[in-house]
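K.L.:
One structure is given below, represented as structure tokens, and several questions about it will come after.
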Amino acid sequence: MCGIIGYIGYRPCVPVLIDGLKRLEYRGYDSAGVAYIQEGEINIIKSQGKISSLEEKIYTKDPLHATLGIGHTRWATHGIPVEKNAHPHMDNDGNVALIHNGIIENYQEIKEDLISEGYKFLSDTDTEVLVHLISKGYKETNHPLSAIRYCLERIQGSYAIGVLFLDRPNELWAARESSPLIVGVGVGENFIASDLPAFLPYTKDVIFLEDGEIARLDREGVDVFSKESGGVVEKEVKTIPWDITLAQKGGFKHFMLKEIMEQPRVIQEALSGRIDYKNRSLILPELDSLFLPEKIHIVACGTSFHAGFWGKYLLERLAKVPVEVDIASEFRYRSPIIGEKEMVVVISQSGETADTLAGLRMVKEMGAVVLGICNVVGSSVARESDKVLFTQAGPEISVASTKAMCSQMIVLLLMALYFGDKKGTISKKIKYEIFDNLGSLANVLEAELPSMREMAKSLAIEYSFARSFFYLGRGLNYPLALEGALKLKEISYIHAEGYASGEMKHGPIALIDPSFPSFVLATKDNLFQKVVSNVKEIQARKGPVICLTHAGLEINVDSRWDIPYMGDILTSFFILPAEQLFAYEMAVYLGKDVDQPRNLAKSVTVE
Ligand code: AGP
């Protein structure tokens, strides 16, 4: 996600902005910029790459005595990470400057309208429509609050914004909807930021802005208004008992935990702008421009491979399209056959995994069409694919991939629904059920995560004796079993194997004994009874069993873990965090380095 900082006070603002942006670097970014009012104009300095590049540009200019400014680190979602797309953005008259974190879903139509009215756009971002709309509103109303409300009434999507007006040098404006924004309350100075670390050295007194609120900061204080009514909203100033290190992870002990708990928001972001719930239709222009494939080859590594394998089950079930899934390091050396009407789907969170990239380049040379599913705008996979479906999960810092897989699964589900719809292979009943459940999935998961974490913690302690685990599942749960095993292996260093539970009797069950637990996915689907039989086979050999299932399902195991049921497909979005939390709590209990496990790198850019 992008990082936002704004300052109004008595200090030279630029050093405060730079210091704040550096404290937000953990959020991940690819460009940065600042805007400040000095000598009667809005100065904007921005640069691609790290904050150090921005600093080089800034400190070559005159001594900076501006005391009002905004700063931004950009995590690209629309528009590749080059200087023109970095924030802040300014209107054509140089009267308004703005920074933004979030996604404006209807920016294309607004941009077309504004261009037809003569507005000039300098970037490829969705954000730029905001600054032109505010400028237009300000010309009509000559009041910042009315101008900002004018803009926000016309957009759909998520935002946290900071706004400067050239003729209002004693005011800093901000607003939020679904993206985080906090106000720091100082003495003779006030701040806005995406996250606490940005201004924690200056003040621990904060106002938490809520969705639909607009804030006006000056050197004496803060006023908050309602976007809907424009009326004043009374807000409480709270003091944060945090030290700076904790705040770097938004209050979580590890990035991995933060990213697991972010998954409800990630689901919303991955769906954002891609579903019309009213008409139950999909908005996937990236797929509109491609052909309907007669076969799909999915290529990926690690967790992304497990996501692709999960996607295979869905694409074949809902869209009746044959799918082959390959681990990239095998695919690139096995002389695959890619037919004319066949599509290659490359999945990569980082977009830089060497084997995956090599597979992509190989099939491009064969003349195949490549669809990328990627989380990093401007990454090699994103740039070299013919079309890209971005997972919009925000930067994933922890080496163990968690929220990325969740977002990849959402994109794969949308793909299966899209192709199924086009081919008429999915019934309206099933489609409507999935759409309706997708709309509430994030909220149900948000409510469930705290109790899931408690359960994961108690089970991790209870089973910390284990030196090996089986993870077992059938059908759609088989790829999830593989992922659960990988998570446990890579951060707790306990050996774990994922298996199709029907495969146990073909050899692996020889390993079962009281010291060898099995983590079984026995959720409500057409294979449930088969899994119950597999569990009985394990229990006959005195193997302990942890079982993810649903309330009301008949299955007797040592450790039962009931998760919500939202249809057998969306149940996957509860299985995934349950496995992630179990691995996380086990690693913490065993005192492992959760975010940087031994021998591992976040992106494997070498063969
Ligand atoms: C997952 O927890 C691992 N860190 C690793 O398997 C990862 O998924 C794999 O290296 C692929 O990375 P990518 O998605 O960035 O291509």
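Where a number appears in this text, it was derived from the coordinates with a stated rule and is not lab data. Predicted, not measured: the structure shown is a model, and the values here were computed from it. Positions of Cβ are generated from backbone atoms using ideal geometry, with glycine treated the same way; all protein chains shown enter the neighbour counts.
K.L.:
Out of residues 5 or more away from residue 470 or on other chains, whose amide H comes under 5 Å of its own, with H placed 1.01 Å from N in the peptide plane?
P.N.:
497, 518, 519
K.L.:
To continue, here is another question. Across segment 106-121, in residue order, what do the Karplus-derived ³J(HN,Hα) couplings come to in whole Hz, using 6.51 cos²θ - 1.76 cosθ + 1.60 with θ = phi - 60° and x for Gly and Pro?
P.N.:
Couplings: 9, 6, 4, 5, 5, 4, 4, 4, 5, 5, 5, 8, x, 6, 9, 9 Hz.
K.L.:
Sticking with this one: Obtain the radius of gyration and the Kirkwood radius of the chain from its C-alpha atoms and give Rg over Rh.
P.N.:
0.99
K.L.:
Quick one: Cα convex hull volume of segment 225-321, Å³ per residue?
P.N.:
Here the figure is 196 Å³ per residue.
K.L.:
Average the reciprocal distances over every distinct pair of alpha-carbons in segment 193-275, invert the result, and give the Kirkwood radius in Å.
P.N.:
15.2 Å
K.L.:
Let me ask something additional. Could you name the lysines whose alpha carbon sits less than 27 Å from that of residue 57, not counting residues in the same chain fewer than 8 places away?
P.N.:
Result set, ordered by chain and number: 22, 46, 84, 120.
K.L.:
May I ask what percent, to the nearest 5, of DSSP beta bridges between residues of the chain are antiparallel?
P.N.:
In the chain, approximately 60 percent of DSSP beta bridges are antiparallel ones.
K.L.:
For segment 255-359, what is the percent of antiparallel DSSP beta bridges, rounded to the nearest 5?
P.N.:
Once the DSSP bridges in segment 255-359 are tallied, antiparallel ones form about 15 percent.
K.L.:
Express the Stokes-Einstein translational diffusion coefficient of segment 278-350 in µm² s⁻¹, to the nearest whole number, given a Kirkwood radius over alpha-carbon pairs, 25 °C and a viscosity of 0.890 mPa s.
P.N.:
For the chosen part, D equals 185 µm²/s.
K.L.:
Give me the Kirkwood hydrodynamic radius of segment 433-506, using the inverse of the mean 1/r over all pairs of distinct Cα atoms, in Å to one decimal.
P.N.:
Its Kirkwood hydrodynamic radius stands at 14.3 Å.
K.L.:
Here is a follow-up. More than 28 angstrom separation, counting every C-alpha pair in segment 304-454; what % is that?
P.N.:
In whole percent, the share of Cα-Cα pairs in segment 304-454 beyond 28 Å is 23.
K.L.:
To the nearest Å, what is the center-to-center distance of segment 31-91 and segment 146-222, using C-alpha atoms only?
P.N.:
Their Cα centres are 18 Å away from one another.
K.L.:
Report, in debye and to the nearest 20, how large the dipole of segment 521-579 comes out about its Cα centre when Lys and Arg carry +1 and Asp and Glu carry -1 on their Cβ.
P.N.:
Computed charge dipole of segment 521-579: roughly 220 debye.
K.L.:
For residue 457, go through the lysines and keep the ones whose alpha-carbon is under 27 Å away, minus same-chain ones fewer than eight residues off.
P.N.:
Partners found: 249, 253, 258, 403, 487, 489, 524, 536, 542, 592, 602.
K.L.:
Principal axis extents for segment 377-498, Cα atoms only, whole Å, descending order, please.
P.N.:
The Cα atoms of segment 377-498 stretch 51, 38, 27 Å along their principal axes.
K.L.:
Using helices alone, I'd like the mean residue ellipticity at 222 nm for the chain: each DSSP H run of four-plus residues gives -39500 (n - 2.57), total over residue count, nearest 500.
P.N.:
It lands at -11000 deg cm²/dmol.
K.L.:
Diagonalise the Cα gyration tensor of segment 481-591 and give the resulting equivalent ellipsoid semi-axes, square root of 5 times each eigenvalue, largest first, whole Å.
P.N.:
20, 19, 12
K.L.:
Hey, what do the phi angles of segment 32-46 turn into as Karplus ³J(HN,Hα) couplings, whole Hz, using 6.51/-1.76/1.60 and θ = phi - 60°, x for Gly and Pro?
P.N.:
Values per residue, Gly and Pro as x: 8, x, 9, 9, 8, 9, 8, 6, x, 8, 7, 9, 10, 10, 8 Hz.
K.L.:
Calculate one ³J(HN,Hα) per residue across segment 327-338 by plugging θ = phi - 60° into the Karplus curve 6.51 cos²θ - 1.76 cosθ + 1.60, and present them in order as whole Hz with x for glycine and proline.
P.N.:
Whole-Hz 3J(HN,Hα) from phi for segment 327-338: 6, 4, 5, 8, 3, 6, 10, 10, 6, x, 9, 10.
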